[in-house]
Structure formats: C-alpha cells, structure tokens
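Heads up: the structure comes next, in structure tokens.
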Amino acid sequence: GESVGLHLPTLSVQEGDNSIINCAYSNSASDYFIWYKQESGKGPQFIIDIRSNMDKRQGQRVTVLLNKTVKHLSLQIAATQPGDSAVYFCAENIWSGYSTLTFGKGTMLLVSP
Amino acid sequence: DTGVSQDPRHKITKRGQNVTFRCDPISEHNRLYWYRQTLGQGPEFLTYFQNEAQLEKSRLLSDRFSAERPKGSFSTLEIQRTEQGDSAMYLCASSSTLDGSAKNIQYFGAGTRLSVL
C-alpha cells in the first residue's frame with residue numbers, strides 16, 4: 001500500500017506487481033517532464049521523459065502519463081523487480097530564457113521479493 | 001567511464017573552513033549544472049553554465065558560494081566559511097543543446113557528500 005512517511009511518501013509492492021508513482025507539478029507553463037530514479041548513495045538516473053504536447057509515452061517496462069488539466073504526472077512500472085527499489089523524482093522543465101529543472105519531493109519505492 | 005564524475009565523493013570539514021568540489025561533465029555536453037540535495041528532498045538548483053558562461057544562479061547560492069567553469073569543460077564549486085547548514089549532497093549534472101532536440105535531459109554524477117562539523 002501507499003503511506004506518507006516522515007520524509008518521503010513510500011510505496012511498498014511485491015515483486016512482479018505493477019507500480020504506479022504519482023507526481024503533481026506546479027507550473028502550467030512547464031513544457032517537458034522527466035522521471036529520475038535515485039538509489040542510495042548515487043545521483044539521479046534518467047528513466048523516461050515526456051513533452052507537454054503528449055499524454056503518454058512508453059519505454060521498457062515503464063510508462064509515463066501526463067494529465068495537463070490537473071497538472072499530474074504518473075510513472076507506471078510493469079512487473080516491478082527488487083532492483084527497482086529506489087526514490088523516484090519527477091522533474092518539470094520550465095523555459096524562461098533558459099531551461100531549468102524543478103524537482104518534486106520524491107517517492108520511495110520498496111519492492112519485496 | 002564516460003558519465004559525469006565528481007570529486008571527492010565525501011568531504012568532512014570543520015565549520016569556517018573552505019571547501020572545493022570538482023565536476024567533470026560528459027564529453028561534448030555544453031551545459032553544466034550544480035544542485036544541492038538534503039535528506040528526503042529532491043535536488044535544488046544552484047547554478048548552471050553554458051560553455052564557460054555562468055548563465056543563472058539561484059537565490060540559494062549565497063555569496064559564500066562560487067562556481068567556475070573556466071574552459072567550458074570541468075567545473076568547480078567552492079564554499080567559503082562553511083556552516084553546518086551547508087551539509088548536504090552536492091550534485092553536478094550535464095546536458096547538451098547540440099543535438100537539436102530542444103530537450104533538457106540532465107545526466108547526474110554520484111555527488112559529493114559534505115559534512116560540516
């Protein structure tokens with residue numbers, strides 16, 4: 001199930017389940033979104049991106065859905081594996097003469113064997 | 001290894017000391033970014049360079065912080081007169097605007113963890 005921990009929302013799933021991680025973004029002018037995975041002691045790792053003119057994009061075992069009406073982004077991971085355990089961040093790209101990424105708070109995904 | 005590399009990985013210092021971190025971006029990436037990350041939070045933007053030019057600085061970047069990218073390749077981030085509140089992970093990322101895609105996919109290094117005692 002999903003719970004709000006002291007610092008990070010946490011999603012606990014069993015190996016083989018599908019996982020859905022949600023993100024609310026702030027700026028309706030954001031033109032581009034990225035999902036990153038961060039394992040303990042490592043930097044964020046690029047997973048998948050989506051432009052604002054799309055509502056769905058699929059990668060290998062991952063799908064990103066974008067709902068601009070409610071400013072909501074989700075990452076779906078199919079057949080979740082223990083190696084997927086990490087903190088997941090969504091980031092929005094805002095163009096204001098230059099591009100900068102603004103990161104959300106993050107969700108911890110815990111996958112049990 | 002052709003990814004973003006950062007040095008050192010860990011730095012422990014005493015309050016009031018100066019520290020300097022180095023970042024080597026992915027080759028041919030013309031943009032370089034510095035972020036700060038504290039426990040349980042996402043990375044917070046500090047500053048970025050396009051080639052050797054520092055184009056934007058966050059209000060988080062106090063006057064004790066300075067960053068350089070003198071030849072448009074590696075970058076250094078210096079913190080003078082460190083404070084305990086500076087303790088954090090300092091992340092470097094790089095991206096390219098030269099592929100024509102207009103995307104801003106930033107690739108991150110493993111970070112430098114700073115502990116100020």
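Simple point charges give the picture: +1 on the Cβ of Lys and Arg, -1 on the Cβ of Asp and Glu, and for chain A a dipole about the Cα centre of about 240 debye.
Taking the Cα centre of the protein assembly as shown as the origin and placing charges on Cβ (Lys, Arg +1; Asp, Glu -1), which of A:60, B:105, B:67 is farthest toward the positive end of the dipole? Value: B:67.
Toward the positive end of the charge dipole of chain B, with +1 on the Cβ of Lys and Arg and -1 on the Cβ of Asp and Glu, the farthest Cα among B:80, B:20, B:30 is that of B:80. When Rg and the Kirkwood Rh are both derived from Cα coordinates, the Rg/Rh ratio for chain B amounts to 0.96.
The distance between label points at residue B:44 and residue B:98 comes to 3.3 nm (points 7 Å beyond Cα on the Cα→Cβ vector).
The share of Cα pairs per 5 Å bin across the protein assembly as shown, counted from zero up to the longest distance, runs 1, 7, 14, 18, 18, 17, 12, 8, 4, 1, 0 percent. From largest to smallest, the equivalent ellipsoid semi-axes obtained for chain A from the alpha-carbon gyration tensor read 24, 15, 13 Å. The magnitude of the dipole of the protein assembly as shown, with charges of +1 and -1 set on the Cβ of Lys/Arg and Asp/Glu and taken from the Cα centre, is near 380 debye.
The numbers here are math on the coordinates, done by the rules we state, and not lab data. Everything numeric here is computed off the predicted structure, so don't read it as measured data. Don't worry about glycine lacking a Cβ; one is built from the backbone with ideal geometry, like all the others, and counts go over all protein chains shown.
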